[in-house]
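Participant: So that we are looking at the same thing, I have put the structure below in structure tokens.
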Amino acid sequence: MEIKNTNHLFKNDLKPSELFAIWITDRIGTIGFFLIIFIWTVLWLGWNMIAPKDVRFDPYPAFVLWLFISNMIQIFLMPLLMVGQNLQAKRAEIRAENDFNVNIKAEKEVALLIKELSELKKMVSQLSSK
């Protein structure tokens, strides 16, 4: 039974599109991404509610352009997130299988050590009783 570096195994099997999906998934789940979306929304809505009417480009209360762009972001990110999460789950399964194999190997080695230790105890007790 061979111990493997699951990170290399996993990354070597990925296509560039899958690496991109994982990269997106890793970035979207951050507070930085949330802040970018939040600040963009506040600025967009604030500008289109408070700025002079002649410079507003997405009029209150509909915000049609903002809704369209927001929906497009969601439509494109949702499948990418799902692909990235599926790939991350695959990586976790590979890691779990490797951990299981390492644990089995360690258990066999510990059993062998216990057996050898028991034999050594018998030998020591036989020598000390003589």
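Coordinate-derived values only; no laboratory data. Since the structure is predicted, the reported quantities are computational estimates derived from the model, not experimental observations. Neighbour counts run over all protein chains shown; Cβ positions are idealised from the backbone, glycine included.
Participant: How high is the relative contact order of the chain, in percent, with contacts defined as C-alpha pairs under 8 Å that are six or more residues apart?
Facilitator: Here the relative contact order equals 40 percent.
Participant: Arranged by the count of other C-beta atoms within 10 angstrom, fewest first, what order do Leu87, Leu67 take?
Facilitator: Leu67, Leu87
Participant: Distance in nm between label sites at Asn98 and Thr41, each 7 Å beyond Cα in the beta-carbon direction?
Facilitator: Label at Asn98, label at Thr41, 3.8 nm between them.
Participant: Something else about it: Run the dipole for the range 3-62 about the Cα centre, Lys and Arg Cβ at +1, Asp and Glu Cβ at -1, nothing else charged, and hand back the magnitude in debye, nearest 20.
Facilitator: That gives a dipole near 120 debye.
Participant: What FRET efficiency do you get for Ile69 and Ala89 if R0 is 25 Å and r is their Cβ-Cβ distance, rounded to the nearest 0.05?
Facilitator: Result of the calculation: an efficiency of 0.25.
Participant: Apply the membrane-span-like helix rule to the chain: whole DSSP H runs, Cα extent along the own long axis of at least 24 Å, mean Kyte-Doolittle hydropathy at least 0.0. List the helices found.
Facilitator: Those that pass (Cα extent of 24 Å or more, hydropathy at least 0.0) are 31-50, 64-129.
Participant: Here is a follow-up. Put +1 on the Cβ of each Lys and Arg and -1 on the Cβ of each Asp and Glu in the range 6-99; which of Leu77, Phe20, Phe57 then has its Cα farthest toward the positive end of the dipole?
Facilitator: The listed residue farthest towards the positive side: Phe57.
Participant: Could I have the simple spin-label model distance between Lys108 and Gln126, label points 7 Å from Cα toward Cβ, reported in nm to one decimal?
Facilitator: Here the modelled spin labels are 2.8 nm apart.
Participant: May I ask for the net charge around Met123, where only other residues with Cβ less than 14 Å from the Cβ of Met123 are counted and Lys, Arg are +1 while Asp, Glu are -1?
Facilitator: Net local charge, Met123 excluded: +2.
Participant: Another question, then. Less than 13 Å Cβ to Cβ from Glu109, Lys/Arg counted +1 and Asp/Glu -1: what total charge do the surrounding residues give?
Facilitator: +1
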